[in-house]
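Notes for the one structure printed next.
The values are calculated or read from the model by the stated rules, or taken from the named source; none is laboratory data. Nothing here was measured: the structure is a model prediction, and the numbers come from that model. A quick note on method: Cβ atoms are made from the backbone with ideal geometry, for glycine too, and the neighbour counts reach across all protein chains shown.
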């Protein structure tokens, strides 16, 4: 190796002038890995206490600390440097080093690549068992913020203002999935009601977005791409209703990808692994302020519609059953 190259490697290993070692990225989400391998320039788009988003080309990654957990867009570093970027800072990727401005920020050459587990093997009986366990463990208080109660078998009689605003879209979501499974035509009115969920609610990723994202991920996990594409068609041209960060997560959900805890909760339910249910629901509930619970509620709307489809017409079940 040339002397100049050895000097460059030495600088990158020492890290910044604050004396701390350059953080090592220990895990890349599968989407983030493709972006870092294909895009070399961008900017810092959003900054938080322990994470930030970088826009590389027209794609985004989320860089942060281990508490973020595994996910498709995540770039997980082993520690935080004293320096933290600001919105608008330039980002470049050179080899396996991410630079902020002119300084190296982190290296990802030895990072593991995370991807969600393959869709679980499932049957109607397993799904029914899993949903029964969800009903036992997934408790929603009447005053809980967000849309978690949308996934419950029995919803509160008195709706919060957010649930009341979301109710037409939630009902339309259920109809779109049910009609698609039963081979019935979709209604333009339902598409409009679903679109109204986008951007609905407070937060970095509004509750309505999280709900739809969970539904998209569940449809992919069930290997129902046609139904997923129908739902995405109702959302795709309405993303201006929400913010940049949430748009990125919705587009990723349309590919079938979400947080590792979301995939685990969905797979635990459809495979009927009731011994793992309490742990899976605790993990998905820990995502964000209400994002995990809102997303799982969207997944549950899908799973309950599929279960009804099986129950109403067992003769058609093999079309959708993974065995």
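Descriptive notes on the structure:
- Residue list for the range 242-270, filter: more than 23 Å from residue 180 (Cβ to Cβ) and over 14 Å from the mean Cα position of the chain (by Cα): 242, 243, 244, 268
- Against the numbered list (1) in contact with a strand residue (DSSP E or B) (Cβ under 7 Å, 6 or more places away or on another chain); (2) surrounded by fewer than 21 Cβ atoms within 10 Å (Cβ to Cβ), residue 98 comes up short only at (2).
- Filter result for residue 144 (surrounded by fewer than 17 Cβ atoms within 10 Å (Cβ to Cβ), modelled with pLDDT under 95, touching a helix residue (DSSP H, G or I) at 6+ places or on another chain (Cβ under 9 Å) and within 30 Å of residue 34 (Cβ to Cβ)): no
- Residue 60 being under 20 Å from residue 251 (Cα atoms), touching a residue at least 60 places away in the same chain (Cβ under 8 Å) and touching a strand residue (DSSP E or B) at 6+ places or on another chain (Cβ under 7 Å): yes
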